[in-house]
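This report concerns only the one structure given below.
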Amino acid sequence: VKTEPTFARQPLHRVMRRYTRLARWYRLAEVSILFPHGMRKRAVGRLGLSLGQTVLEIGCGTGRNLPLLCRAVGPEGQVIGVDVSRGMLARAERWVKRHERRNVRLLLHDAAYLNLKCRPDAVLFSLSYSVLPERRAPLERAWRALKPGGSLVIMDAGLPPTRLGRLLRPAAEAIATAFPGDPYSRPWDDLTRLPAEVQTEWFRRGLYFICSARKPADEPSGN
Ligand SMILES: C[S@@+](CC[C@H](N)C(=O)[O-])C[C@H]1O[C@@H](n2cnc3c(N)ncnc32)[C@H](O)[C@@H]1O
């Protein structure tokens, strides 16, 4: 039985425009949503990266995870960031230039049509899964690209099916018009459709979560 109310997700052109406008205030927005301290580090830890590996971040935005991802793969590894908003990506590019990270590749692209030439060892969706207007294609493409044995992590926010969740519904829906995102996304359900072990951890009474799925090591490549 579906308990969540239906929620109109914003179309891609609106998401792109909105995030491009928000780019300069993005750090401030993070404070306003009471984003738990240490969540980024924890999510990157769940990727299980080693030095020299390749990691893909879908919806990398202004590059808030880039320092952690670069540290996790080291100078011999590769970080690929994809985002559809020019304004958000410009901030990430600025960080890459300032820190002279030659092993970071940033792509202005819609994740629903992403065709990577390489196979990442891990994939991260950080506060981006709930923002994607169309989630199925980006998830399937990222999963197909992921190397066997690799991890896909979704760190995000949403309304839990509790009293607190119901109380926060009007506020969350108002926030979602300013920062496009679906407070009712349930990535753990989407991930359980994949042939994967899925784990979810909850924070701040279920308002934030980290879902991880590991791709079987023996899966034929391309799946
Ligand atoms: C809330 S921001 C998260 C940024 C960053 N990952 C973080 O953790 O701070 C969501 C990002 O997803 C991007 N996005 C939304 N739909 C996308 C799509 N279809 N393809 C690629 N990026 C997308 C937006 O442009 C935005 O920069």
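Debye sum, Cα scatterers, the chain, no solvent: what log₁₀ I/I(0) at q = 0.15, 0.18 1/Å? Listed by q, the Debye log ratios stand at -0.98, -1.45.
Antiparallel DSSP bridges in the chain: what percent, to the nearest 5? Here the share of antiparallel DSSP bridges comes out near 40 percent.
Two decimals is fine: what is log10 I(q)/I(0) at q = 0.17, 0.21 Å⁻¹ for region 93-220, from a Debye sum with one equal scatterer on every Cα and no solvent? Log10 I(q)/I(0), no solvent term: -0.98, -1.24.
Computed from backbone phi with θ = phi - 60° and the Karplus coefficients 6.51, -1.76 and 1.60, the 3J(HN,Hα) list for region 117-132 is 7, 9, 10, x, 7, 7, 10, 10, 10, 10, 6, 10, 4, 6, 8, 4 Hz; x is used for glycine and proline. The Cα-based radius of gyration and maximum Cα-Cα distance (Dmax) for region 1-127 are 15.3, 51 Å.
Along its principal axes, region 151-219 has C-alpha extents of 45, 22, 16 angstrom, given from the largest down.
For the pair Ala174 and Arg27, the difference between a 0.36 nm per residue extended length and the Cα-Cα distance amounts to 51.0 nm.
Here the extension length gained between Thr200 and Asp218 equals 4.2 nm, from 0.36 nm per residue of separation less the Cα-Cα distance.
State the Cα centre-to-centre distance between region 149-189 and region 47-94 in whole Å. A separation of 23 Å, based on Cα centres.
From helices alone, the chain scores -10500 deg cm²/dmol at 222 nm; the rule is -39500 (n - 2.57) for each run of n ≥ 4 DSSP H residues, then divide by the residue total.
Around the amide H of Gln78, modelled in the peptide plane, lie the amide H atoms of Gln53, Thr54, Val55, all under 5 Å away and 5 or more residues distant in sequence or on another chain.
Readers should treat all values here as calculations from the given coordinates under stated rules, not as data from a laboratory. Nothing here was measured: the structure is a model prediction, and the numbers come from that model.
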